[in-house]
Structure formats: C-alpha cells, structure tokens
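**Student:** Okay, here's the structure, questions in a sec.
Just so it is clear, none of the values below were taken in a lab; they were calculated from the coordinates. What you see is a predicted model, and the numbers here were worked out from it, not measured in a lab. For neighbour counting, all protein chains shown are included, and Cβ atoms are generated from backbone atoms with ideal geometry for every residue, glycine included.
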C-alpha cells in the first residue's frame, strides 16, 4: 500500500491516555497517524508522525495539516481529542483558567477542524470526531465545572451544526461523550469522590471503551451528527 492510498488520521492529545490509545487503534487498522501534543517524542513507527505544538495556537493547526499532507498526502479523519478540565466554583475561576480551557477545548478544535475540512473538501470525503464530555449534559453541585459545560457543550453543538453543513459534501462529523474514564490523569482511586458517583454500570470506563466507540463511528458511514455517550449509563440517569 503506498502512502497515497493509505488512509490518514490526525489525533490531537496523542501522547497519552485516550489519544495514545487512538494512535494504536488506527495503526492496528493499517492507517497512518499524525499525532499532536504539546510535547511528545518522535515515533519509531514510520507511519506515525509526531507534531509538537500548542493546539490552542492557529500556527499549530497549520503545522499539523502541513505535516500530514507532506508526509502522507491526505487527511481522512480528524479526532479532536486534546482537552483540559479545570473544576472550580464558578466565582473562583481565573482569567488564566478561562484562557487555558477555552484555548485548548474550543480554539484548538476550531482552527484545526477548519483547516482539516478544507482539505477533506478537495477529496469529497472525510470524518471529524470531537470529544465532548458527559459533564456538559448534566449539572452536579458536587463537581462544579462550568468551563467544561461551556466548552464541551459547545463542541457537541458544533458537531451537529457541522454534520448538517457538510453532509451533502461527503464529510461526516460525530462526537463521543465520555464519562469517568481511567487515564493517567484520572486514576481509579480519584473516582467516586464528591460529585463523581459511579454510573449505573458500577465502574469507571477504560481508554479502550472510548477508542472502541470512535472506531465504531469510523466504520459506520451512515452515521453523522451523532453524539455517542460512553459513560456507563450515567447520562441516561438524568
């Protein structure tokens, strides 16, 4: 398979956790992957290209798309996985908190998706997957997180809007909305605290649960504008 025939995914936040799982998952399917993170080591795999940079900056979006096209010649899927979460009472949020969360969760999504879709349109095909969050769909006084609701809820709304805007032009846009997922930044012992009651299934999710949902969407060409909840049934209980 030549580089020009091999499908290519861009994964932000690709150095650890769900992002690293996605890189491995797409590679298992034979895809090439362009992985971005603020800092990450070059891969020994020639079909994995690491691109360092702050996703909140428009220049990073340009670098990621440029690197993907230069190395692999195409972009088939973009997974906007990079995200930050800061939980504080509303009146305790600082300007730095706001700039960080909106910069990564919204600006990063906006600039990179804009460039990626522009390239997908040239081929008349493509797929964008956004990572929302279950916390954006229900409020819990024990876990105040208005910046998560603002940014991740915005991603869910943008998912539906873009899905309709580009459906007739061959581009699908979906989202996955995780609940509590065990990652390096969210260890199992940190679960079940105030505001983090376990979901109906009785345990936290794994990285593989989120990766599996995204790969399901990848294999489902008739699904667009969908938000898949990977939360152990938590959203259904609200």
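**Student:** How much length would be gained if the chain were fully extended between residue 168 and residue 44, taking 0.36 nm per residue of separation minus their Cα-Cα distance, in nm to one decimal?
**Tutor:** Taking residue 168 through residue 44 to full extension adds about 40.8 nm, to one decimal.
**Student:** Between residue 92 and residue 236, what is the label-to-label distance in nm when each label sits 7 Å out along the Cα-to-Cβ direction?
**Tutor:** My value for the distance between the label points is 3.4 nm.
**Student:** Can you show me the helix-derived [θ] at 222 nm for the chain, built from DSSP H runs with n ≥ 4 at -39,500 (n - 2.57) apiece and divided by the number of residues, rounded to the nearest 500.
**Tutor:** Using -39500 (n - 2.57) per qualifying helix, the result is -11500 deg cm²/dmol.
**Student:** Provide the percentage of antiparallel DSSP beta bridges, counting only those with both residues in the chain; round to the nearest 5.
**Tutor:** The antiparallel proportion sits near 5 percent.
**Student:** How high is the relative contact order of the chain, in percent, counting Cα pairs under 8 Å that sit 6 or more residues apart?
**Tutor:** 18
**Student:** On average over all directions, what projected area in square nanometres does the range 8-237 have, based on the convex hull of its Cα atoms?
**Tutor:** 12.1
**Student:** Top mean-square fluctuation among 178, 221, 144, Gaussian network model of the chain, C-alpha springs under 10 Å?
**Tutor:** Highest fluctuation among the options: 221.
**Student:** Could you identify which residue out of 198, 78, 112 has the top mean-square fluctuation in a GNM of the chain using Cα springs shorter than 10 Å?
**Tutor:** Per the Cα network of the chain with a 10 Å cutoff, 198 tops the list.
**Student:** What angle do you read, to the nearest 10 degrees and between 0 and 90, between the alpha-carbon axis of helix 58-72 and the longest principal axis of the chain?
**Tutor:** The angle comes out at about 40 degrees.
**Student:** Then there is this: Please give the helix 17-28 orientation as an angle from the longest Cα principal axis of the chain, in degrees from 0 to 90, rounded to the nearest 10.
**Tutor:** Relative to the chain, helix 17-28 is tipped by roughly 30 degrees.
**Student:** For the chain, with a Gaussian network of springs between Cα atoms less than 10 Å apart, report the residue from 95, 213, 82 with the top mean-square fluctuation.
**Tutor:** 95
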